[in-house]
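One structure is given below, encoded as C-alpha cells.
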Protein chains: 2
Amino acid sequence: MPETKILLQESEIPERWYNIMADMPNLPAPPLHPATGQPVTPDALSAIFPPALIEQEATRERWLEIPEEVRELYRLWRPSPMYRAHRLERALDTPARIYYKYEGVSPAGRHKLNTAIPQVYYNRAAGIKRIATETGAGQWGSALSMACQFFGLDCTVYMVKVSYQQKPYRRILMSTFGAEVIASPSDRTQAGRTVLAEHPDSLGSLGIAISEAVEDAAGRADTNYALGSVLNHVCLHQTVIGLEAKRQLEKAGEYPDVVIGCCGGGSNFAGLAFPFLADKLTQGKALRAIAVEPEACPTLTRGKFAYDFGDIAQLTPLLQMYTLGHTFVPAGIHAGGLRYHGDSPLVSQLYHDGWIEAVAYGQTQVFAAAVQFARTEGIVPAPESAHAIRAAIDEALKCRESGEPKVILFGLSGHGHFDLAAYETYLAGDLEDVPLSENALAEGLSHLPVVR
Amino acid sequence: MPETKILLQESEIPERWYNIMADMPNLPAPPLHPATGQPVTPDALSAIFPPALIEQEATRERWLEIPEEVRELYRLWRPSPMYRAHRLERALDTPARIYYKYEGVSPAGRHKLNTAIPQVYYNRAAGIKRIATETGAGQWGSALSMACQFFGLDCTVYMVKVSYQQKPYRRILMSTFGAEVIASPSDRTQAGRTVLAEHPDSLGSLGIAISEAVEDAAGRADTNYALGSVLNHVCLHQTVIGLEAKRQLEKAGEYPDVVIGCCGGGSNFAGLAFPFLADKLTQGKALRAIAVEPEACPTLTRGKFAYDFGDIAQLTPLLQMYTLGHTFVPAGIHAGGLRYHGDSPLVSQLYHDGWIEAVAYGQTQVFAAAVQFARTEGIVPAPESAHAIRAAIDEALKCRESGEPKVILFGLSGHGHFDLAAYETYLAGDLEDVPLSENALAEGLSHLPVVR
C-alpha cells in the first residue's frame, strides 16, 4: 500500500533558512522613508525592530543559520507532515500525483508560528521585554502570543474591534497564552484616540491597528513591533516549509511540476515556493509556481507594481510591490488572511519578472474545493488555504483532460477549526461571491503616492 | 538535543487490535436483556449491530486483525505522535520523565475516529447503507460522520438539542461531512414525539438521543446503530493508541511506571492502558494505571459495581459496571465527554479486581493544569484530556518531593479548539467547581435495577 504521509525526523528540521535574494536577478527596490522619500536607513528601523531582523531584511547571504533555541521550539510540531492526496486524486480521477504540505499541525493552527518564534527570539536577544503587534481575525496574534509565552516576553495585541467582538475564539486563544488583547481603536494610543474622537463607534481596521501597535512600540524602549507577513525576514523564516517539502518529495522520488500556495501578504506562498524557485533561478528548472488570491482582493492579478504605504495611516516605509492602493478596502470575504492591499516585495518582484504566476478565485469556488477536500482527505481547511486547494484541483483536472501525470504540490497553510461559521454559510447556500468593484479599484490606485 | 516527538512510520501502524478479555482473570458478567433479565443473545443484537461487531463484543481471542481498508484510513493521521514533555518537566522542576500520546491530530480532533472507521467498515460489509447515532456535544457524531463519508454510507445524528443550539461548531463539522444532524428530541421517532408531547420545550438529553437513534436503527433494515464508547468492541478498536505508545516508548528505551488517561465511558483510557495492562496481567509488571474522572461524575470513585441500564429510557441491555445510576444527571461541567453515568464493563471489572486505580478532580484544578500545559507545550487541550494532565502533573510533583525519576505516560485524547469558551470562563475567574450532590448520588443509586 502506498504511504499517505511522508514524515521527517526532528534531526531533519532545516538548520538554515534560504534567502532568495541571493539568487534573484533583480532585487526589490529599497524601502523609502515615508516622510523623506529617501531609502530607509537601518537606524530608522531600530526603534521598532531588533538588529538581527534589520540585517535579515537586507542581507544577500544565501543561507542563514537557524538558532538552536528556535529549532528546539520548532520541534513542538516540525517537521510538519507532507501528505499524498490519494483519496482526492481518486475522487478527481486524475493521473496527477497531488501532494500537500500541512502547516495546520502547528499549535497556532497556521504557518505563522514559523516566524513568530525567531522574531521573539531575536527581540529577546536584543534585551526587549515586550512586543506590540496588530491582528485582524487573530491568526498572527495567536502565534505571536505563543512565541512570547515561550520566551517569557510580554505581548500586547491590538485586535481589530469588529473581530474582537465577533470572533472570540482566537481572542481567547491569545488570552490563554497570556497576551494582553486590546480592541482597536483604543484609548491607549494617540492614533486610537484620534479615531475614537471622530468616530466613537469605529469598528476598527487593520490599518488603524498597525498604527496603534507601531506607536506603542516606538514610544517605549523596552517594546518592539512585529509583523506577520510581507517583509523579507518573514518570508525568510517561512522557508522552513519549502525546505522540508523538498526533502520530503525527494524521499518520495518526486520533483514538483507545479507548486501552489495561497497568497495574501505573501509569506506563506514564499515559504513553500522559494526553495523550489531557487532551482528555477539557478538551474533553469521548468517549475511553475502559482500564487492564489481572492477575486475580492486581487493584488497580483489586478494591482499595480508601484511604491505604496503598508498602512492606511501612511506611517510605514514605502515598499515597491503589487498593490491595490493603501486606501483600498476589500469586501468582507471569509479568507481574512488574504485581504491585505499589498504583497511581499520579494513575491512582487518575482511576479513582475515572470518567475511566478498568479490566479484569482471567487469564494464560492473556493469553498466548493474546501468541502471536496474535507470529505476526501478528512481535514477541514482554512478558507485561505482552500484557495490553494482550488487551484490544485483545477490543475489536476487539466491533467485528467491531457492525460499528463504531473506532480502537483500545494501548501495547506492551516486548519479551519475557527472558521466553521463560513462553512455553515456555504453549506446553507448563502455564500456569495463579491466581485471586485472596478470603482473601488480605480479609487485605490488613484491614491498611490508619487515617488520621485 | 533530546527529541521532542517520537514518531513511527505508517508501516508501524498496528496490524492487530489487542483484546484484553484474553488475559483477564475475571471476565465481565454477561449483558442481560432489559425485558427478560436473561443474557442477551447475539440474535437480539443483530437488529442494530453487524455480525463482526457482535462477535468482537464477546470473543476471547487475544489478537484481532485490523482490516486493510481500516488501516489505509488510519494512515490519514496514524501513527499519532508521542511527545516528551520537556518544557512541562522543566516548568515543574521534576525528575520525572513525562510522555504524552496525542490523539488530537485525528481529523475529528479526538480519539473517536479510531473506532468510528472500523464500525462503519463492518457495517458496510454487512450491507448496511445508513447509520444512526446520538451525540452530546458532537465529538462522537463528528467522527462517525467522517467515517460514513469515507465509506459512502448515510449518517443521521441525533444531537442533544441544547448542544445543537449552543455549540454550533461541531454541528457544522458534521454537516460539512455530509451527515444529517437532527436536534433531539425530534418528531422523527416515537421516543422523541413522546417527550415533545409532554415537554414541548425539552432541551434533550443523551438518554433521549440514544433512544431516538436506537429506535431509528431498529426500525429500518438498511440502518444500524453505533456507539462511541463503553462497549467491548469500542475499547478493542482504541487499543491502537496503546499499541503504538508501547512501540514509541520502546524506541525511547523507556517503560512507564504510571499510565494515565481520562475516563468517561472508558474507551480512551482502555485504548491507552490495556496494551500496557497486558504486561501486568500476564507478566506481573509493577505498572500503575490511573483512570481520571471529574468530581461531578465520579463513576469509578463513588459509583456502585452493579447491573444497570445504559440509558435513561431503559432500552439498552443491562451491563455490569460502575455506575451512578441511569437516572443520575451530572452537573454541567465543561468536560462533556466525561458526563456518562456508567463505565465500560471491561474497565469496571479491572477496577473492581484491583488492576487499575481511579482518581477524581474538580474542574478548576483541571483547567489550571490545562493552561499550564498550553503555556509550556503549546497545545490547548480538550477539557476531558486535561483531567489526565492534572493527574500527570500531580504524579510528577510527587516525584519532585521523592526525587524519583519515574516515567509517566498520559493520553492527550484531543485538542480544545472547540472548547475555548470554557477557557475564557476559567481565565476570567468565573469557573466554579460543582461538588457532587450527595442527595443526587443517593437518588441515582436507589434506582439501580434489581437483577435476580
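Based on the Kirkwood radius over alpha-carbon pairs, what value in µm²/s does the Stokes-Einstein equation return for the translational diffusion coefficient of segment B:284-335 at 37 °C and 0.692 mPa s? Each step should come with its number before you reach the end.
Values: Rh = 12.7 Å.
The estimated diffusion coefficient comes to 259 µm²/s.
Using unit Cβ charges (K, R positive; D, E negative) and no other charged atoms, how large, in debye to the nearest 20, is the dipole of chain A about its Cα centre?
Computed charge dipole of chain A: roughly 620 debye.
Could you tell me the extents of chain B's C-alpha atoms along the three principal axes, largest first, rounded to whole Å?
61, 48, 47
Which distance in nm do the two modelled labels at residue A:425 and residue B:9 give, with both placed 7 Å along the Cα-to-Cβ direction?
For the pair residue A:425/residue B:9, the computed spacing is 4.6 nm.
What's log10 of I(q)/I(0) for segment B:279-412 at q = 0.14, 0.15, 0.17, 0.21 Å⁻¹, Debye sum over Cα points only, no solvent?
-0.71, -0.81, -0.98, -1.25
Express in Å², to the nearest 10, the accessible area of residue A:352 obtained by rolling a 1.4 Å probe over the protein heavy atoms while all chains stay in place.
90
So if I take the centroid of the Cα atoms in segment B:22-83 and the same for segment A:335-393, what is the distance between those two points in Å?
Spelled out, the Cα-based centre of one part sits 44 Å from the other.
If you take the beta carbon distance between residue A:282 and residue B:247 as r and set R0 to 41 Å, what does 1/(1 + (r/R0)^6) give as a FRET efficiency, to the nearest 0.05?
Once rounded, the FRET efficiency stands at 0.45.
Just add up the charged neighbours of residue A:369: K/R +1, D/E -1, any other residue whose Cβ is under 12 Å from the Cβ of residue A:369.
Neighbourhood net charge equals -1.
Quick one: in chain B, whose Cβ comes closest to the B/A rotation axis, and how close in angstrom?
That would be B:417, 2.
What number, in nm² with one decimal, is the all-direction average of the projected area of the convex hull of the alpha-carbon atoms of segment A:191-231?
Projected over every direction and averaged, the Cα hull of segment A:191-231 covers 3.4 nm².
Heavy-atom accessible surface, probe 1.4 Å, ligands and DNA/RNA ignored: which residues of segment A:100-125 lose at least 50 Å² versus the isolated chain?
Buried by the other chains: none.
Could you give each residue of segment B:190-195 its phi-based ³J(HN,Hα) in whole Hz, using Karplus coefficients 6.51, -1.76, 1.60 with θ = phi - 60°, and x for Gly or Pro?
Computed from phi, the couplings for segment B:190-195 are 4, 4, x, 5, 4, 5 Hz.
Work through the residues other than residue B:351 whose Cβ is under 10 Å from its Cβ and net out their charges, Lys, Arg +1 and Asp, Glu -1.
-3
With +1 on the Cβ of every Lys and Arg and -1 on the Cβ of every Asp and Glu, and nothing else charged, how large is the dipole of segment A:227-330 about its Cα centre, in debye rounded to the nearest 20?
On the way: 8 positive and 9 negative charges, 42 e Å.
For segment A:227-330, the charge dipole is close to 200 debye.
Please report the net charge: other residues with Cβ closer than 12 Å to the Cβ of residue B:215, K and R +1, D and E -1.
-1
From the protein chains alone at 1.4 Å, what is the descending order of accessible area for A:163, A:46, largest first?
Most to least solvent-accessible, the answer reads A:46, A:163.
For the protein assembly as shown, which semi-axes, largest first and in whole Å, follow from the square roots of 5 times the eigenvalues of its Cα gyration tensor?
Working from the Cα gyration tensor, I get semi-axes of 48, 28, 27 Å.
Report D for segment B:139-274 in µm² per second (integer): Stokes-Einstein, Kirkwood Rh on Cα pairs, 25 °C, 0.890 mPa s.
Taking Rh from Cα pairs, D becomes 146 µm²/s.
For segment B:154-164, take each phi angle, set θ = phi - 60°, evaluate the Karplus expression 6.51 cos²θ - 1.76 cosθ + 1.60, and give the result in whole Hz per residue in order, putting x for glycine and proline.
6, 9, 10, 10, 8, 9, 3, 4, 5, 6, 3
Pick out, from B:270, A:138, B:4, the residue whose Cα sits farthest towards the positive end of the charge dipole of the protein assembly as shown, with +1 on the Cβ of Lys and Arg and -1 on the Cβ of Asp and Glu.
B:4
Once ligands and nucleic acids are excluded and a 1.4 Å probe is used, how much of residue A:305 is accessible, expressed in Å² to the nearest 10?
50
Anything losing 40 Å² or more of accessible area from the isolated chain to the full protein assembly: pick those residues out of segment B:157-191, probe 1.4 Å, ligands and DNA/RNA ignored.
Buried by 40 Å² or more upon assembly, which counts only protein chains, are B:169, B:172, B:176, B:177.
Counting Lys and Arg as +1 and Asp and Glu as -1, each charge on the Cβ, what is the dipole of segment A:314-452 about the Cα centre in debye, to the nearest 20?
260
In segment A:215-320, what is the volume of the convex hull around the alpha carbon atoms, normalised per residue and reported in Å³?
In segment A:215-320, the Cα convex hull volume per residue is 139 Å³.
As a test of the definition: which semi-axes, in Å, follow for segment A:1-100 when you take the square root of five times each eigenvalue of its alpha carbon gyration tensor? Largest first, please.
39, 20, 12
With the cut-off at 30 Å, tell me which of the pairs A:5/A:129; B:167/B:251; A:280/A:398; B:101/B:398; A:101/B:112 have Cα atoms farther apart than that.
Among A:5/A:129; B:167/B:251; A:280/A:398; B:101/B:398; A:101/B:112, the Cα-Cα distance tops 30 Å for A:5/A:129; B:167/B:251.
Enumerate the calculated ³J(HN,Hα) couplings along segment B:276-286 in order (Karplus 6.51 cos²θ - 1.76 cosθ + 1.60, θ = phi - 60°), each rounded to whole Hz, writing x wherever the residue is Gly or Pro.
7, 4, 3, 5, 6, 5, 9, 10, x, 4, 8
Given a 1.4 angstrom probe, I'd like the percentage of the accessible area of chain A that is carbon and sulfur, rounded to a whole number.
Details: 7610 of 15410 Å².
Carbon and sulfur: 49 percent of the exposed surface of chain A.
Given the rule -39500 (n - 2.57) for each run of at least 4 DSSP H residues, summed and divided by the residues of chain A, what is its mean residue ellipticity at 222 nm, to the nearest 500 deg cm²/dmol?
Per the formula, -12500 deg cm²/dmol.
Mind checking the per residue accessible area of chain A for me, 1.4 Å probe, whole number of Å²?
Accessible surface, normalised per residue, equals 34 Å².
Taking residue B:252 in one copy and the same position in all the others, each labelled 7 Å out along Cα→Cβ, what are the pairwise distances from the first, in nm, shortest first?
2.9
Can you tell me the alpha carbon radius of gyration of segment A:66-161 divided by the globular rule-of-thumb value 2.2 N^0.38 Å?
So the Cα radius of gyration is 1.37 times the expected 2.2 N^0.38 Å.
Give the interface area between chains B and A as buried accessible surface, both sides summed, probe 1.4 Å, in Å² to the nearest 100.
4500
Quote the convex hull volume per residue of segment B:307-369, based on C-alpha atoms, as a whole number of Å³.
So the per-residue Cα hull volume is 95 Å³.
Averaging sequence separations of C-alpha pairs under 8 Å and six or more residues apart, then dividing by the length of chain A, give the relative contact order as a whole percent.
20
Taking +1 at the Cβ of each Lys and Arg and -1 at the Cβ of each Asp and Glu, which of B:194, B:241, B:227 sits farthest along the dipole of segment B:163-265 towards its positive end, judged by Cα position relative to the Cα centre?
Towards the positive end, the residue furthest out is B:241.
Starting from a label point 7 Å past Cα on the Cβ side, list the distances from residue A:33 to the same position in the other copies, nm, shortest first.
Ordered by distance, the counterparts are at 9.2 nm.
The values are calculated or read from the model by the stated rules, or taken from the named source; none is laboratory data. Since the model is a prediction, treat every value here as computed from it, not as a measurement. Here Cβ is always computed from backbone atoms with ideal geometry, including for glycine, and neighbour counts include all displayed protein chains. Areas reflect the complete protein model, heavy atoms only, side chains present, ligands, DNA and RNA absent. Shrake-Rupley method; radii C 1.70, N 1.55, O 1.52, S 1.80 Å.
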